[in-house]
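Q: Let me begin by handing over the structure; questions about it come next.
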């Protein structure tokens, strides 16, 4: 028994037309132009936040040093004075056996922090020169300073 249906036969060449594909590509392009720039800036923001947190941690250690000894490490002694007892300059009398921190981190761009004591703005200053590693700069190269952590 052969039953014929009233359905039209489907073409073996079914698919999207060139116009439909072009519309989809244009829509994806528009979405990408809106979304991608927002995600591209996120790594930089994360590095800035990490830098500020590291500067705050180093500042806290320097303040503990001050509480124990009555003065901050000198510029010559640097941040290394928070890891091991200084052997140059003013030698602290009340230095804990394990130091104040385990090690001095580099900033997220793998540059060393700059430490000044006394500083121009505060008793001590800790600075990261940002992505360009040089003083000053704009955008990714903007300096991050301990006295200006918004």
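Nothing in this text is a laboratory measurement; each read-out follows from the coordinates by a stated rule. These numbers were taken from a predicted model, which means no experiment stands behind them. Note that each Cβ is placed from the backbone with ideal geometry, even for glycine, and that neighbours are counted across all protein chains shown.
Q: Order of 129, 16 from fewest to most other C-beta atoms within 10 Å?
A: Details: 129 21, 16 10.
Ascending Cβ contact count within 10 Å gives the list 16, 129.
Q: While we're on this one: Give me 94, 44, 121 sorted ascending by neighbouring Cβ count inside 10 Å, so fewest comes first. Each step should come with its number before you reach the end.
A: Values: 94 9, 44 15, 121 12.
In order of increasing Cβ crowding within 10 Å: 94, 121, 44.
Q: Could I ask something else about it? Over the chain, calculate the relative contact order: mean separation of alpha carbon pairs under 8 Å at least 6 apart, over the residue count, as a percent. Can you show the working numbers first?
A: Details: 157 pairs, mean separation 25.6, N = 150.
Normalised by residue count, the contact order of the chain is 17 percent.
Q: Grab the DSSP H runs of the chain that are 4 residues or longer, score each as -39,500 (n - 2.57), total them, divide by all residues and round the 222 nm result to the nearest 500 deg cm²/dmol. Walk me through the intermediate numbers first.
A: On the way: 2 runs with 51 residues, N = 150.
Mean residue ellipticity at 222 nm (helix-derived): -12000 deg cm²/dmol.
Q: Taking the chain as the reference, fit the longest principal axis to its C-alpha atoms, fit the long axis of helix 42-69 to the helix C-alpha atoms, and give the angle between the two in degrees, 0 to 90, nearest 10.
A: The helix 42-69 is inclined about 20 degrees to the chain.
Q: Something else about it: I need 90, 47 ordered by Cβ neighbour count within 10 Å, fewest first. Let's see the in-between values first.
A: Working: 90 15, 47 18.
So the ranking, lowest neighbour count to highest, is 90, 47.
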